[in-house]
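Below is one structure, written out as C-alpha cells; the observations come after it.
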C-alpha cells in the first residue's frame, strides 16, 4: 500500500471509529437497492450486475462481487467507514459479506453505501397501500418495495390461485414431472427425490428420467422454485412479466431498443404487427426470437431462408424465428424449419408455410398466443407451473398443461429476459408483473442441504459374523448370544462413504436383554437409527414346553416390529418383499393389497394384509406406515388433510389407517399428529416408524 493509500486508510479508520461507535456490534441481513442514485460504477458485461464495492476501498476488497437489486448480503455492523466522496455516497460505507447460493462456503467481502441497503424485512410504507390494493399478502411487501424503489414504473399484480401451497407442491412432486439437472458442477444430489422408484438407498443411485443427468427433484426443492418470493429480485423477476400485449407500454421504440444491432431489428415492425394480431407482448416475442435465433448482426440458419435437407427432401425459403417445433434430434433447427413448412400438418394453421420472415414472426406469435398466453398461462412462470385454472378456466385443469419438466426453467428464462432488457437499457420501462399467491404459504422456503441423503448401512456384523438376513431398510434386530457372554464387538459399513456411524465397537452387556443403538448420519445430516436387541440366551425362548413355533417369535427373530394387529417399523418407500426376505424359511408368507390381490413386490403401504403361517400357527396382521394415512405408501399433503378432517369430525378413520394417523403413538389422534405430518412433508421432522 503506498503512502497516500495508507494515509487514507488511517484517516478513514479513525473517523469511522469515532463517528460510528454507537452501533450495535451484531451482524444483520440486508437487501441491496441499486438505483441511478447508487452510482453503480461498473457493470458486468455477462450478467448486467453492479460491481458491489467502492473504488475508495479497493485495498480492503476480497474478490469481485456482482450484485443487483434484491440480492441479500450480511452487513458487519461494527465495520463502518466515513464516505470520502459525498457525490458517490451521501452517508457512510459498511462492510458486507456475500456468498452465492451454489457455493455458500465461498464468502466475498466488499463495501457498499449504507443508504442503498435495507434491513431484511424492511418495508417502504410509501408502497404498502399499493401492494394491498394489488392483492399481495404481507410476506411479499419487503422484496416488492425494494423492486419498486429501484424501478418506479414497474407494476405488480397478485394472481390469487386459490390453491393451498403445500397441495400445489405435492401435485408437482410426481416422479418424472419436476426434474432437475445434476452434473459434476451443477446442482446437487441433496435436491433430489428419494422415493422408491426414484432412488435406491441400497445402491445409492438415482433414476434418470431424461437423458443421463435429469432427475426427480424432492419436495423442498420444488417448493423453493415454486415460491414466487424467492425470485423477487431484478435478475429473476421477469419470469412473472406479463406476456399479453399492452399497446401503450410495448411500443415500437422499446422493441427497437431491445433489438438494437441485431439482424432482427430490421423486422421490429413485424413484431408490433404480430403482437396486435396475437395479443402477445412484442417485447417478449422479440426477446424470445433474440434468444432462440438472434443475437447477431446477420441472419442465422433459422431465419436465413437458406437451403436445408430434411428426411431426404430439400427445402429453401423457410423461416422459424421462435424455433417452434425444434425438438431434440440430430439437428433441432432443421426439425423446426420442417415444422414451419407445414408438411405433414394442417398447412393452413398459423399461416404456414412460413416462406417469409414477416409471415413467420406473425404466424409463430399466433401459435404462442393460442397455446398458452391467451389461455391464462401468460408468464414464463405459469408456462411451467400450471396453477391458473382456478383463475382462468380456459387453461384446463391445474398441473396438466406444462411446457417443460425443468423446475429451474422459469428462473433461467427470466434471467435471460432480464439480460436482454438490461443490454437494451430498457429496464426502467413500464413493465407489468403477474405474481402468483397461494393459500397457506409458509413463512419462507429454502433449498435443502446439498449433502448426500443416504443413511443406510451396507453391512452389519457382530463378533466378526454378519447379522443374519441383514437388510439396510430394516432397523430393528434381535441377536442371541450364549449365556455368560458379557460383551460383543459390532462393526458396520455405510452404503455412502460420506455418511458417518456412531455406536459401533465394543459393547458391554449389562443385562440378559441389552438394547443397543447404531446411528448413521448422512452427509446432509439425516439420521437413521438401527436398534439391536442383544439377548443373552442360547436360542429364542419357546412359547411353551411343546416348542410351539409362534408367529410372534418368527417376527421377533426376523427383527420385524409388531403387535397383535399390526406390522410396523418400515421406512417410507421400502419394498414389501422385505417381510418375506426377513422371515425366510421359518414360515410361509402371503401378502395382499387392500383389494385382496396377492402381491410379491411393491412399496409397503398402510393397510396391506400379511398372513404368516408356521407349523403351529397362522395369523394375519396389517402393515402400518405412520403418516401414510391414505395407504398410498407416501406421506403427502393428502395425509395431513385426512388427519385434520378426522380431528374436526368431518370424516372417519378405522383400522390400520387410524393407527397410521397416530404418528406420536399416544393412542389418540390430535393436532400434534397433524403438525408432525406437515413438518415431515416440509422436511423439518422425520416420523419415527
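The values are calculated or read from the model by the stated rules, or taken from the named source; none is laboratory data. Everything quoted here is computed from the prediction, not taken from an experiment. Here the Cβ positions follow ideal geometry from the backbone for every residue, glycine too, while neighbour counts run over all protein chains shown.
Within region 208-237, if we keep just the residues that are in contact with a strand residue (DSSP E or B) (Cβ under 7 Å, 6 or more places away or on another chain) and crowded, with 20+ Cβ neighbours inside 10 Å, the residue that is farthest from residue 138 (Cα to Cα) turns out to be 215. For residue 176, the conditions (1) out of contact with any helix residue (DSSP H, G or I) (no Cβ under 9 Å at 6 or more places or on another chain); (2) within 29 Å of residue 677 (Cα to Cα); (3) assigned to a strand (DSSP E or B) all hold with the exception of (3). Scan region 466-485 residue by residue and report those that are under 15 Å from residue 456 (Cβ atoms) and in a loop (DSSP other than H, G, I, E, B). Correct list: 467, 470, 471, 472, 473, 475.
Confirm whether residue 286 is touching a helix residue (DSSP H, G or I) at 6+ places or on another chain (Cβ under 7 Å) and not in a loop (DSSP other than H, G, I, E, B). Considered against the rule, which asks whether it is touching a helix residue (DSSP H, G or I) at 6+ places or on another chain (Cβ under 7 Å) and not in a loop (DSSP other than H, G, I, E, B), residue 286 comes out as yes.
Each residue in region 645-673 was checked for being surrounded by fewer than 21 Cβ atoms within 10 Å (Cβ to Cβ), part of a helix (DSSP H, G or I) and in contact with a helix residue (DSSP H, G or I) (Cβ under 7 Å, 6 or more places away or on another chain), and 3 pass. Taking the condition closer than 28 Å to residue 390 by Cα, part of a strand (DSSP E or B) and either at pLDDT 95 or above or touching a helix residue (DSSP H, G or I) at 6+ places or on another chain (Cβ under 6 Å) (or both), does residue 131 pass? No. I'm trying to understand the selection: among the residues of region 302-320, which are within 14 Å of residue 360 (Cα to Cα), touching a helix residue (DSSP H, G or I) at 6+ places or on another chain (Cβ under 8 Å) and either not in a loop (DSSP other than H, G, I, E, B) or not assigned by TED's automatic domain parsing to the domain that holds residue 343 (or both)? 302, 303 - these are the residues of region 302-320 that are within 14 Å of residue 360 (Cα to Cα), touching a helix residue (DSSP H, G or I) at 6+ places or on another chain (Cβ under 8 Å) and either not in a loop (DSSP other than H, G, I, E, B) or not assigned by TED's automatic domain parsing to the domain that holds residue 343 (or both). The numbered conditions (1) buried (at least 19 other Cβ atoms within 10 Å of the Cβ); (2) at pLDDT 90 or above are all true for residue 314 except (1). Checked against (1) touching a strand residue (DSSP E or B) at 6+ places or on another chain (Cβ under 7 Å); (2) more than 25 Å from residue 438 (Cβ to Cβ), residue 197 meets all criteria but (1).
Scanning for something part of a strand (DSSP E or B) and closer than 23 Å to residue 380 by Cβ, does region 247-270 turn up at least one residue? No; the residues of region 247-270 include none that is part of a strand (DSSP E or B) and closer than 23 Å to residue 380 by Cβ. Residues of region 257-285 that are under 19 Å from residue 300 (Cα atoms) and without any contact (Cβ under 8 Å) to a residue 24 or more places away in the chain: 265, 266, 268. Among the residues of region 590-613, those identified as in a strand (DSSP E or B), in contact (Cβ under 8 Å) with a residue 24 or more places away in the chain and surrounded by 19 or more Cβ atoms within 10 Å (Cβ to Cβ) are 603, 610, 612.
The set of residues from region 409-439 being surrounded by fewer than 18 Cβ atoms within 10 Å (Cβ to Cβ) and under 22 Å from residue 178 (Cα atoms) comprises 412, 416, 439. Restricting attention to region 614-644, which residues are without any contact (Cβ under 8 Å) to a residue 24 or more places away in the chain and surrounded by fewer than 15 Cβ atoms within 10 Å (Cβ to Cβ)? Within region 614-644, just 620 meets the criteria.
Considering region 338-369 alone, what residues qualify as being part of a helix (DSSP H, G or I) and without any contact (Cβ under 8 Å) to a residue 60 or more places away in the chain? Listed by number, the residues that qualify are 338, 339, 340, 341, 349, 350, 351, 359, 360, 363, 367. Tell me whether region 197-209 contains one or more residues that are part of a strand (DSSP E or B) and closer than 22 Å to residue 679 by Cβ. Yes, that holds for at least one residue.
Of all the numbered requirements in (1) assigned to a loop (DSSP other than H, G, I, E, B); (2) free of Cβ contacts under 8 Å to residues at least 24 places away in the same chain; (3) crowded, with 23+ Cβ neighbours inside 10 Å, residue 327 misses one, and that requirement is (3). Filtered by the rule that a residue be touching a helix residue (DSSP H, G or I) at 6+ places or on another chain (Cβ under 9 Å) and outside any loop (DSSP other than H, G, I, E, B), region 179-195 gives 180, 190, 191, 192. From the list 458, 419, 425, the one residue that fits, being part of a strand (DSSP E or B) and either over 30 Å from residue 152 (Cα atoms) or modelled with pLDDT under 85 (or both), is 458.
Determine whether residue 73 is in contact with a strand residue (DSSP E or B) (Cβ under 6 Å, 6 or more places away or on another chain), more than 24 Å from residue 238 (Cβ to Cβ), at pLDDT 75 or above and not assigned by TED's automatic domain parsing to the domain that holds residue 161. Against the criterion (in contact with a strand residue (DSSP E or B) (Cβ under 6 Å, 6 or more places away or on another chain), more than 24 Å from residue 238 (Cβ to Cβ), at pLDDT 75 or above and not assigned by TED's automatic domain parsing to the domain that holds residue 161), residue 73 does not qualify.
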